[in-house]
Amino acid sequence: MMTNNFRVSLNLMTNNNMLKFFNKSPFLLFYIVFGYIIIFSMWWGYLLFSKNEQAFTEKVELDRINYQSKHDPIKYEETQSYLQLLTKYKSYRVMVLSEGIFFLLLQIMGLVQVRRIFG
């Protein structure tokens, strides 16, 4: 059996440590989660960009092989097919970038609002 003094000192120690932790930085967990969201958003953005680059390169190579079998290989970059692939590639990059920026702005606005309300 625990003595009352030991139980009281254990409770005080636990409560004081918890209070010190939360008084020191009441938003620590919130900032950790916010940082994690930012990091994984950047990682997904990088993955989307790299997969888009890879898909574009593979489509261009496949289209170039098809074109070279029937036409002059030097003029491939001037074909309508290549220009359509390039346009689609660039528009997808703009879409991913603009969505990422918008998501980041929403996160920052949310952080500011939470900080304003509770801070």
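The values are calculated or read from the model by the stated rules, or taken from the named source; none is laboratory data. No experiment lies behind these values; they were computed from the predicted model shown. Ideal geometry is used to build each Cβ from the backbone, glycine not excepted, and the neighbour counts take in all protein chains shown.
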Open item on the list: Quick check on region 96-119: of everything there that is small (Gly, Ala, Ser) and out of contact with any Phe, Trp or Tyr (no Cβ under 8 Å at 6 or more places or on another chain), which residue is modelled with the highest pLDDT?
Closed with: Ser98
- [ ] Would you point out which residue out of Lys70, Lys75 is of a type in the set (Lys, Arg), farther than 30 Å from Tyr31 by Cβ, without any contact (Cβ under 8 Å) to a residue 24 or more places away in the chain and out of contact with any helix residue (DSSP H, G or I) (no Cβ under 9 Å at 6 or more places or on another chain)?
- [x] Lys70
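Residue-by-condition table, conditions (1) in a helix (DSSP H, G or I); (2) surrounded by 12 or more Cβ atoms within 10 Å (Cβ to Cβ); (3) under 28 Å from the mean Cα position of the chain (by Cα); (4) aromatic (Phe, Trp, Tyr):
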residue	(1), (2), (3), (4)
Leu47	yes, no, yes, no
Ser81	yes, yes, no, no
Tyr89	yes, yes, yes, yes
Tyr92	yes, yes, yes, yes
Met95	yes, yes, yes, no
Gln107	yes, yes, yes, no
- [ ] Among the residues of region 74-95, write down those that are over 30 Å from Ile37 (Cα atoms), at pLDDT 90 or above and of a type in the set (A, V, I, L, M).
- [x] Leu83, Leu85, Leu86
TODO: Please tell me if Glu53 is closer than 30 Å to Phe27 by Cα, at pLDDT 90 or above and surrounded by 11 or more Cβ atoms within 10 Å (Cβ to Cβ).
DONE: no
Open item on the list: So, Glu61, is that one under 28 Å from the mean Cα position of the chain (by Cα), modelled with pLDDT of 90 or more and of a type in the set (D, E, K, R) or not?
Closed with: no
